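What follows is calculated from the coordinates using simple rules that are stated; it is not laboratory data. The model shown is predicted, which means the values in this text are computed figures rather than measured ones. Neighbour counts run over all protein chains shown; Cβ positions are idealised from the backbone, glycine included.
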Amino acid sequence: MTSQYPRAKRVATPAAGLRPARAAALAVLALAAACSDMPTNPDSEAELARSPAVSTAVTEEFNGPAFGGWTADTHPLGRGSVRATNVALGGGTAALSLAAGAYDGAEILTAARYGTGTYTARMRTPVAPGSISAFFLYQGVAGGNDEIDIEIFNDGTRRIMFTTWVAGKETNNVTRTLPFDPAAGLHDYAIEWTAKTVKFRVDGVVMQEFKRGIPKSAMFVMANTWWPTWLTGPVLTTPRTFSIDRITIG
């Protein structure tokens, strides 16, 4: 199991160190998240389908707002919760922490949806068996959602999952093994999304391509680290951090 399961409503908070998103946008985003089937916006499917492809590349280096600001979330997820207090943005890094003494993690998302294009994150995962770290796109509407996922197991096995969802149904899911330790240093993970294909690249090399079951709707750009109910692992005695150096859209 990878994503798209129901969960409780949460509170969205402007991430520390960056310009707050508009109040209206935050109210909408209070229901959007990775791995969720909950409604996040009254936008119709037709409106989402009209979202244009990304035409100009923009890079967020977490020194300040680049494309509308980010939201840090607090809500139940998996074996615990993701909490805004576990997120620190700014100073050139997005630091998403897995807390000590509890199965709590962290999550961020953009204030806007984006259409087809290339999405790249340079990041380093933590060592925390039983948890995962993810970089992904998520639609966030009433009913089933479109989603494109890169999910890395934080257990030292170097496993990485590539998944797509359309209207709340999983259309593709493949697990590969990375040729390096994702916790040992920063690496580039990319989603190349077109109308007909989704390619996943790691350090520029294609590790997976899907040609069927391709999402069509505009989606939020998101990242999180958390403890799924379908994995097991000990609670941490010291916090561990999922570090994102930069995210590029386009």
> By per-residue mean of other Cβ atoms within 10 Å, what is the highest-first order of 240-248, 69-77, 183-191?
Replying inline: 69-77, 240-248, 183-191
> Could you give the nm distance between label points at ALA167 and VAL127, where each point is 7 Å from its Cα heading toward the beta carbon?
Replying inline: 4.6 nm
> Using a basic spin-label model with each label point 7 Å from the Cα along Cα→Cβ, how many nm lie between ALA195 and GLU209?
Replying inline: 1.9 nm
> In which sequence would ARG176, ARG113, ARG124, ARG212 go, from the one with the fewest C-beta neighbours within 10 Å to the one with the most?
Replying inline: ARG212, ARG176, ARG124, ARG113
> Which peptide among 196-204, 216-224 comes first, and what is the full order, when sorted by highest mean count of other Cβ atoms within 10 Å?
Replying inline: 216-224, 196-204
